[in-house]
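Below: one structure, written as structure tokens.
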Amino acid sequence: MITLTKLNGTQFVLNSDLIEVIQENPDTTIRLTNGSTYIVEEPMEEVVRLTLQFRRKVFRDLIESAK
């Protein structure tokens with residue numbers, strides 16, 4: 001899950017596993033596999049960075065718990 005900001009300044013948490021497409025035109029638009037669309041303040045590169053950071057943490061925690 002990643003925390004993002006809608007254009008009205010409201011923060012929300014997005015299940016990044018559902019991201020299908022991210023576009024900048026010029027606002028960052030995220031389309032999910034369930035058909036939902038979100039327009040956010042963060043640039044596309046930031047959404048990708050947050051998603052990678054979240055997934056790294058999940059896998060790191062999984063590996064640590066398996067030891």
Residue 40 being farther than 17 Å from residue 54 by Cβ and of a type in the set (Val, Ile, Thr): no
Lone qualifier among 30, 39 - being over 23 Å from residue 59 (Cα atoms) and surrounded by fewer than 15 Cβ atoms within 10 Å (Cβ to Cβ): 39
Every residue from region 42-54 that is open to solvent by 40 Å² or more (accessible area, probe 1.4 Å) and under 14 Å from residue 12 (Cα atoms): none
Qualifying residue in region 7-16 (condition: in a strand (DSSP E or B) and either touching an Asp or Glu at 6+ places or on another chain (Cβ under 9 Å) or open to solvent by less than 70 Å² (accessible area, probe 1.4 Å) (or both)): yes
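The values are calculated or read from the model by the stated rules, or taken from the named source; none is laboratory data. In this text, all values refer to a predicted model and were calculated from it rather than measured experimentally. When we count neighbours, we look across all protein chains shown, and the Cβ atoms used for this are built from the backbone with ideal geometry, even at glycine. Keep in mind that these areas ignore ligands, DNA and RNA; they rest on the heavy atoms of the full protein, side chains included. Shrake-Rupley method; radii C 1.70, N 1.55, O 1.52, S 1.80 Å.
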